[in-house]
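What follows is a single structure, written as structure tokens, with notes after it.
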Amino acid sequence: MELQINGHNLSVTTRIQNYVEKKTARFDRYMPNLSDVRVDLSEQKARSSSQRQIAQITIRDKRGTILRAEEQSNDLFAAIDGVTDKIYRQISRYRGKKRRKWRNSGNQDEFLGEPLPIDEDEENAEQGIVRYKQF
């Protein structure tokens, strides 16, 4: 897993870099095929102080899957915490989809059983009016 930390309108200090590495170190456990993790940290000039610090994480998988999350907060560390929580929820949802597809890809005859036999009387019966509507 390759980790890239980019800062826009702010300098990435060693404290911030160590904090981001600590938070993103567990991504390999949940998605073992990760190829690239990109963390973009930025500071915006906004009127409200609650949306000045922005953290964005983009994860790329070897199979081509891209997961992205963004969080805005007044504190950079709170924004990093929020975006990692969002990305963990996306990873669990993505893994759940993969498991459901894997479980449902088995032999359908096993689950459905043998088809029911068709009664000869029903087969020879004449098709009549099934439903009558009046407007």
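The values are calculated or read from the model by the stated rules, or taken from the named source; none is laboratory data. The model shown is predicted, which means the values in this text are computed figures rather than measured ones. When we count neighbours, we look across all protein chains shown, and the Cβ atoms used for this are built from the backbone with ideal geometry, even at glycine. Quick note on the areas: whole protein, heavy atoms, side chains included, nothing else; ligands and nucleic acids left out. Shrake-Rupley method; radii C 1.70, N 1.55, O 1.52, S 1.80 Å.
Out of everything in region 1-17 that is within 25 Å of the chain's Cα centre (by Cα) and open to solvent by 50 Å² or more (accessible area, probe 1.4 Å), what residue ends up being farthest from Gln90 (Cα to Cα)?
Across region 1-17, the extreme among qualifying residues is Gln17.
If I filter region 43-65 down to residues being over 14 Å from Gln4 (Cβ atoms) and small (Gly, Ala, Ser), which single residue comes out as surrounded by the most Cβ atoms within 10 Å (Cβ to Cβ)?
Ala46
Let me confirm something: among Val83, Val37, which residue is surrounded by 12 or more Cβ atoms within 10 Å (Cβ to Cβ), of a type in the set (A, V, I, L, M) and out of contact with any Leu (no Cβ under 6 Å at 6 or more places or on another chain)?
Val83 is the lone residue from the list that is surrounded by 12 or more Cβ atoms within 10 Å (Cβ to Cβ), of a type in the set (A, V, I, L, M) and out of contact with any Leu (no Cβ under 6 Å at 6 or more places or on another chain).
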